[in-house]
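Participant: Below is one structure. I have some questions about it.
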Amino acid sequence: MPSIVDAERLSKTFQVKVRDPGLRGALRALLRPRYRDVHAVRDVTFRIDPGEIVAFLGPNGAGKTTTLKMLAGLLYPTSGRVEAAGFVPWTGGPPFKRRIALVLGNRQQLVWDLPPEETFLLNRAIYDIPAGDYRERLAELVTLLELGDVLQKPVRQLSLGERMKCELVASLLHRPPLLFLDEPTLGLDVTAQDAIRRFLIEYRERHGATVLLTSHYMQDVTALASRVLMSSRRGS
Amino acid sequence: MINRGRLLYDGALEALVARIARTKRIELVLGGGGGDGNRVTAEALAAFGEVKSFHFPNAVLEVRREDAPATSARLLAALPVADLSIEDPPIEEVIRLAFARGVEEDE
């Protein structure tokens, strides 16, 4: 079976401006900027088979989010090769984006002052989801995540757990076979974490999705992942 | 230069635990010993492995991974044991160790 994610010798180096403190430092940074290379991801190679749930572990700053962003096509790698869901992410365009979802635990796509359903409808239009499919999928996701009466409340009145659940709904309406989840349980209480975990297991069983997730909660890893990738902050 | 973002490990979680954690924890609940006189002592337990904690009747020993079955058998034979379980170290501890020490490749 061909891999659904194939990353080979992936590296990302950021150029970071070095700025000394104070007015003199500010002037010098403006006139004669100095840069420092930060190797966020170095020479990372891995494959993921369809249907796997893989946990990506590493301390803060180990390049997990950077890797996910490269896999999702938000960042270009400095060097290396990636194929995800049959596409090179940054040239795949809309057909690629229909095949993936990227959920970032510390960012949200829901519109703050509107009920989540408005965001769902927006995504329905963006992804061109037929009305029948939309209703069916929304009903399924709402049941699985026990969202019930949440859909009509403005997002700002939702709890963090309810917001995360709605983020998942918004990201899964187009039924992507490949999910990138960056800390989907960040900051949630134990019950909400557990609900998200049970949902991911159930969702994968129903639809066979492949999941690459990052988390600092070991319960996520032991409950979900058949395999772990670990990256380090210190180089050799 | 900041060096980071290298891949340390790729594989099953259980295999990582086996590679990083060289020890197992034997958790005991001691039984018997009505009077203080014939209670199991910390010294008696120390003969079987490193005593991580001991509050009668609960005790936790740490032993080398490969010794865990044999040591458990000796414990059961020698002491009044009401309950015994062999555990891996907590997964958080294993991950912390893996980040701190790195993961050695198989030879």
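The values are calculated or read from the model by the stated rules, or taken from the named source; none is laboratory data. As the structure is a computational prediction, the values presented were derived from the model and not from experiment. When we count neighbours, we look across all protein chains shown, and the Cβ atoms used for this are built from the backbone with ideal geometry, even at glycine.
Participant: Out of region A:108-118, which residues are free of Cβ contacts under 8 Å to residues at least 60 places away in the same chain and either over 15 Å from A:Leu151 (Cβ atoms) or part of a loop (DSSP other than H, G, I, E, B) (or both)? It would help to see each step written out before you state the result.
Facilitator: Taking region A:108-118 as the starting set, the residues that turn out to be free of Cβ contacts under 8 Å to residues at least 60 places away in the same chain are A:108, A:111-118.
Of everything in region A:108-118, those that are free of Cβ contacts under 8 Å to residues at least 60 places away in the same chain and either over 15 Å from A:Leu151 (Cβ atoms) or part of a loop (DSSP other than H, G, I, E, B) (or both) turn out to be A:Gln108, A:Val111, A:Trp112, A:Asp113, A:Leu114, A:Pro115.
Participant: Shifting gears a bit: I need the full set of residues from region B:50-66 which are in a strand (DSSP E or B) and free of Cβ contacts under 8 Å to residues at least 12 places away in the same chain, in order please.
Facilitator: First, pick out the residues of region B:50-66 that are in a strand (DSSP E or B): B:50-55, B:58-64.
Listed by number, the residues that qualify are B:Val51, B:Ser53, B:His55.
Participant: Could you run through region A:89-107 and say how many residues are farther than 17 Å from A:Pro177 by Cβ and hydrophobic (A, V, I, L, M, F, W, C)?
Facilitator: Counting residues in region A:89-107 that are farther than 17 Å from A:Pro177 by Cβ and hydrophobic (A, V, I, L, M, F, W, C) gives 2.
Participant: Given the condition of a type in the set (A, V, I, L, M), facing chain B (nearest Cβ under 10 Å), under 28 Å from B:Tyr9 (Cα atoms) and touching a Phe, Trp or Tyr at 6+ places or on another chain (Cβ under 6 Å), answer yes or no: does some residue in region A:58-72 qualify?
Facilitator: So the first thing to find is which residues in region A:58-72 are of a type in the set (A, V, I, L, M), and the list is A:62, A:68, A:70-72.
Adding the requirement that they be facing chain B (nearest Cβ under 10 Å) leaves A:62.
Remaining after also requiring under 28 Å from B:Tyr9 (Cα atoms): A:62.
Now restrict to residues that are touching a Phe, Trp or Tyr at 6+ places or on another chain (Cβ under 6 Å): none.
Within region A:58-72 (the criterion being of a type in the set (A, V, I, L, M), facing chain B (nearest Cβ under 10 Å), under 28 Å from B:Tyr9 (Cα atoms) and touching a Phe, Trp or Tyr at 6+ places or on another chain (Cβ under 6 Å)), the answer is no, since none of the residues qualifies.
Participant: Here are some residues: B:Asp67, B:Asp88, B:Asp36. Which one is away from chain A (no Cβ under 14 Å), out of contact with any Leu (no Cβ under 8 Å at 6 or more places or on another chain) and modelled with pLDDT of 85 or more?
Facilitator: Working: B:Asp88 fails: away from chain A (no Cβ under 14 Å); B:Asp36 fails: modelled with pLDDT of 85 or more.
Just a single option satisfies the conditions, and that option is B:Asp67.
Participant: Then there is this: Hey, among A:Gly73, A:Gly51, which residue is in contact (Cβ under 8 Å) with a residue 12 or more places away in the chain, in contact with a Ser or Thr (Cβ under 9 Å, 6 or more places away or on another chain), in a loop (DSSP other than H, G, I, E, B) and surrounded by 18 or more Cβ atoms within 10 Å (Cβ to Cβ)?
Facilitator: Numbers: A:Gly51 fails: surrounded by 18 or more Cβ atoms within 10 Å (Cβ to Cβ).
Of the residues listed, the single one that is in contact (Cβ under 8 Å) with a residue 12 or more places away in the chain, in contact with a Ser or Thr (Cβ under 9 Å, 6 or more places away or on another chain), in a loop (DSSP other than H, G, I, E, B) and surrounded by 18 or more Cβ atoms within 10 Å (Cβ to Cβ) is A:Gly73.
Residues checked against (1) outside any loop (DSSP other than H, G, I, E, B); (2) crowded, with 16+ Cβ neighbours inside 10 Å; (3) at pLDDT 95 or above:
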{"site": "A:Thr65", "(1), (2), (3)": "yes, yes, no"}
{"site": "A:Pro77", "(1), (2), (3)": "no, yes, yes"}
{"site": "A:Trp90", "(1), (2), (3)": "yes, no, no"}
{"site": "A:Phe96", "(1), (2), (3)": "yes, yes, yes"}
{"site": "A:Asn106", "(1), (2), (3)": "no, no, no"}
{"site": "A:Phe120", "(1), (2), (3)": "yes, yes, yes"}
{"site": "A:Asn123", "(1), (2), (3)": "yes, yes, yes"}
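Participant: While we're on this one: Among the candidates B:Pro89, B:Pro69, single out the residue that is assigned to a loop (DSSP other than H, G, I, E, B), under 12 Å from the mean Cα position of the chain (by Cα) and within 30 Å of A:Val228 (Cβ to Cβ).
Facilitator: The conditions single out B:Pro89.
Participant: I'd like the residue in region B:23-33 that is surrounded by fewer than 17 Cβ atoms within 10 Å (Cβ to Cβ) and not aliphatic (A, V, I, L, M) and, out of all such residues, is modelled with the highest pLDDT. First the steps, then the outcome.
Facilitator: Going through region B:23-33, the residues surrounded by fewer than 17 Cβ atoms within 10 Å (Cβ to Cβ) turn out to be B:27, B:29, B:31-33.
Those left that are additionally not aliphatic (A, V, I, L, M): B:27, B:31-33.
Numbers: B:Glu27: 93, B:Gly31: 83, B:Gly32: 68, B:Gly33: 59.
Top of the filtered list is B:Glu27.
Participant: Related question: Are any residues in region A:10-38 more than 21 Å from the chain's Cα centre (by Cα) and part of a strand (DSSP E or B), and if so, which ones? Outline the logic, then answer.
Facilitator: Looking only at region A:10-38, we keep the residues that are more than 21 Å from the chain's Cα centre (by Cα), and these are A:15-38.
Scanning region A:10-38 gives A:Gln15, A:Val16, A:Lys17, A:Val18, A:Arg34, A:Tyr35, A:Arg36, A:Asp37, A:Val38.
Participant: On to the next question. Does region B:50-61 include one or more residues that are modelled with pLDDT of 85 or more, under 20 Å from B:Glu93 (Cα atoms), in contact with a Ser or Thr (Cβ under 9 Å, 6 or more places away or on another chain) and within 14 Å of chain A (Cβ to nearest Cβ)?
Facilitator: Checking region B:50-61: not a single residue is modelled with pLDDT of 85 or more, under 20 Å from B:Glu93 (Cα atoms), in contact with a Ser or Thr (Cβ under 9 Å, 6 or more places away or on another chain) and within 14 Å of chain A (Cβ to nearest Cβ).
Participant: Sticking with this structure for a sec: Taking region A:189-216 only, how many residues are among the small types (Gly, Ala, Ser) and touching a Ser or Thr at 6+ places or on another chain (Cβ under 8 Å)?
Facilitator: 2
Participant: Please work out if A:Leu212 is away from chain B (no Cβ under 14 Å) and buried (at least 16 other Cβ atoms within 10 Å of the Cβ). Step through it out loud before you land on a result.
Facilitator: On the way: away from chain B (no Cβ under 14 Å): no; buried (at least 16 other Cβ atoms within 10 Å of the Cβ): yes.
Spelling it out, it is not the case that A:Leu212 is away from chain B (no Cβ under 14 Å) and buried (at least 16 other Cβ atoms within 10 Å of the Cβ).
Participant: Restricting to region A:3-46, name every residue that is among the small types (Gly, Ala, Ser), surrounded by 11 or more Cβ atoms within 10 Å (Cβ to Cβ) and more than 9 Å from every other protein chain (Cβ to nearest Cβ). Please lay out each step first, then the result.
Facilitator: Filtering region A:3-46 down to residues among the small types (Gly, Ala, Ser) leaves A:3, A:7, A:11, A:22, A:25-26, A:29, A:40.
From what's left, surrounded by 11 or more Cβ atoms within 10 Å (Cβ to Cβ): A:3, A:7, A:11, A:25-26, A:29, A:40.
Those that are among the small types (Gly, Ala, Ser), surrounded by 11 or more Cβ atoms within 10 Å (Cβ to Cβ) and more than 9 Å from every other protein chain (Cβ to nearest Cβ): A:Ser3, A:Ala7, A:Gly25, A:Ala26, A:Ala29.
Participant: For region A:185-216, how many residues meet the condition of being under 23 Å from B:Ile95 (Cα atoms), in contact (Cβ under 8 Å) with a residue 60 or more places away in the chain and in contact with a Lys or Arg (Cβ under 9 Å, 6 or more places away or on another chain)?
Facilitator: Final tally of qualifying residues: 3.
Participant: Determine, yes or no, whether A:Ser215 is polar (S, T, N, Q) and at pLDDT 95 or above.
Facilitator: On the way: polar (S, T, N, Q): yes; at pLDDT 95 or above: no.
For A:Ser215, the condition - polar (S, T, N, Q) and at pLDDT 95 or above - is not met.
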